[in-house]
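Have a look at the structure below, then the notes.
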Amino acid sequence: MIFGGPTAAGSSRDSRKAYAREVMTVVGEAPNRAKTEVAISFDDSDLEGVKFPHDDPLVIIHVIGNSETKRVLVDNGASVDILFHDAFIKMGYIGSQLTPSNMPIYGFNGVESKVEGTIQLPMIIGQGSKTTTQMLNFLVIKATSTYNVILGRTGLHAFKDVAST
């Protein structure tokens, strides 16, 4: 589990307190949103190399920015989307493209990781005519990982994804 990072309430203590005090009210009907009818699912052809029974993590390949990105961990326990610095550099980006961030993140062991900055990149999920693209805000961190990206709850929510077994 990874937690910390920016939230809808903002990054300052005062903005988070103000957000917590807000009273949400609904007046009238909610606006109609365009609905996408494209379901992204897995079938037996996606089971190549999987040994049963298994309890493997969901690791996928996506296009992020202009790069096919392998070893993307889908982690619905992570509160943020992470792009590891080594992958950031291999994708051809440079540090000056990052938006500074002073928000630390914490791993499941409670150890703080410094965020190098944030970057907004398009992420494409799906194949052929069944694709969808969302702009995601990635936290770029310098840390050792077997993954290039961790797709957390914010990214899953943007795609309206639900990971289930």
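Computed from the coordinates by the stated procedures, all read-outs in this text should not be read as laboratory data. The structure presented is a predicted model; accordingly, all values stated were derived computationally and were not measured. Cβ: placed from backbone, ideal geometry, glycine included. Neighbour counts: every protein chain shown.
Some points to look at:
- Computed across region 64-165, the Kirkwood radius stands at 14.1 Å (inverse of mean 1/r, all Cα pairs).
- Here the Karplus relation 6.51 cos²θ - 1.76 cosθ + 1.60, evaluated at θ = phi - 60°, turns the backbone of region 49-61 into coupling constants of x, 8, 9, 9, x, 9, 9, 6, x, 7, 10, 10, 10 Hz, with x for every Gly and Pro.
- Separation of the Thr146 and Ser15 label points, Cα + 7 Å toward Cβ, nm: 3.7
- Most positive-pole-ward Cα, Ala143, Ser101, Phe88, against dipole of region 33-153 from beta carbon charges: Ser101
- Sparse packing (at most 14 other Cβ atoms within 10 Å of the Cβ) combined with a DSSP loop state is found for the following trypsin sites (Lys or Arg not before Pro) in region 46-75: Lys51.
- Using a simple spin-label model with pseudo-atoms 7 Å out from Cα toward Cβ, Ile89 and Met103 lie 2.6 nm apart.
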